[in-house]
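Quick one: this structure, given as structure tokens, is what I'll be asking you about.
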Amino acid sequence: MMHFRHLTLAVVATLAIAPSAFAQDATTETGGKRFAVVGGYALSEPTKNPEIAGARAHVDGDAAATLSASYYVTDNIAIEAWGAADKFGHRVSTPNGKIASIDSQPYALSGQYHFGSSANLVRPFVGLGYFEANVDGEKAEPTGALAGQHIGVETAKGAMATAGVDVNITPTWFARADVRYMHDTTGQPDVKVDGAKVGKAELNPVVLGVGIGARF
């Protein structure tokens with residue numbers, strides 16, 4: 001949780017400088033480059049705590065590496081493919097202690113609008129798209145309420161909203177900070193124990209990330 005707070009402060013600080021820097025022109029030009037890739041690190045924090053087998057569960061957040069690739073249709077409009085390069089590991093607990101652990105690996109496709117010109121030092125952007133989050137590695141805690149039982153969680157699917165900012169370092173390199181909200185729109189993925197439905201995995205996570213990108 002401490003790491004999540006630190007990254008939150010980093011993103012907020014970066015976004016805070018955007019209004020003043022947005023009005024300035026950078027001394028570097030991007031040269032009309034259409035492709036961009038970003039490698040980063042993100043923290044995924046669920047905003048919902050699901051009810052499993054009649055008990056309200058708490059799902060911890062986790063961090064993982066991320067990758068994205070974008071194609072700029074115009075200087076302002078981009079199509080981005082984004083995903084976790086590794087799995088987010090989540091611990092599932094109830095008031096009586098840890099009951100299980102699961103892994104999730106989201107990926108998404110979205111359209112983005114980048115404000116201003118590629119000549120600007122700082123470029124805020126927003127986006128909207130579709131995501132899926134594969135869930136695997138479900139394990140019951142050996143001493144928990146679900147000990148010895150098989151747990152299954154369906155894939156989450158739905159809409160993803162993005163807001164962020166790019167800071168140009170050179171014509172090729174830039175730094176990025178962004179926040180993504182994933183909202184399951186399929187009626188929430190089912191949670192099953194030994195094949196029987198026992199709840200919904202309504203997590204709707206916020207994913208806060210930073211990264212370094214390159215244009216070409």
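If a paramagnetic tag sat 7 Å from the Cα of residue 204 along the Cα-Cβ line, which residues of the range 156-183 would have the backbone N under 20 Å from that point?
156-163, 179-183
Next up: So the label point goes 7 Å from the Cα of residue 155 along Cα→C-beta, right? Which residues of the range 109-137 then have their backbone N under 15 Å from it?
In the range 109-137, the label zone of residue 155 (backbone N under 15 Å from the point 7 Å along Cα→Cβ) covers 109, 130-137.
In terms of modelled amide H atoms, which long-range or inter-chain residues lie less than 5 Å from the amide H of residue 34?
HN-HN under 5 Å from residue 34: 216.
Here is a further query. Compute the length gained on full extension between residue 115 and residue 181: take 0.36 nm times their separation in residues and subtract their Cα-Cα distance, giving the result in nm to one decimal.
Roughly 21.8 nm would be gained on extension.
On average, how much accessible surface per residue is there in the chain, in Å², for a 1.4 Å probe, leaving out ligands, DNA and RNA?
48
Quick one, what does Rg over Rh come out to for the chain if you take C-alpha atoms and the Kirkwood Rh?
1.05
Largest first and in whole Å, give the semi-axes of the range 37-128's equivalent ellipsoid, each being the square root of 5 times a Cα gyration tensor eigenvalue.
Working through the eigenvalues yields semi-axes of 36, 13, 11 Å.
The values are calculated or read from the model by the stated rules, or taken from the named source; none is laboratory data. The structure presented is a predicted model; accordingly, all values stated were derived computationally and were not measured. All Cβ positions, even for glycine, are placed from backbone atoms using ideal geometry, and neighbour counts span all protein chains on display. Remember, those area values only see protein heavy atoms, side chains included, never the ligands or the DNA or RNA. Shrake-Rupley method; radii C 1.70, N 1.55, O 1.52, S 1.80 Å.
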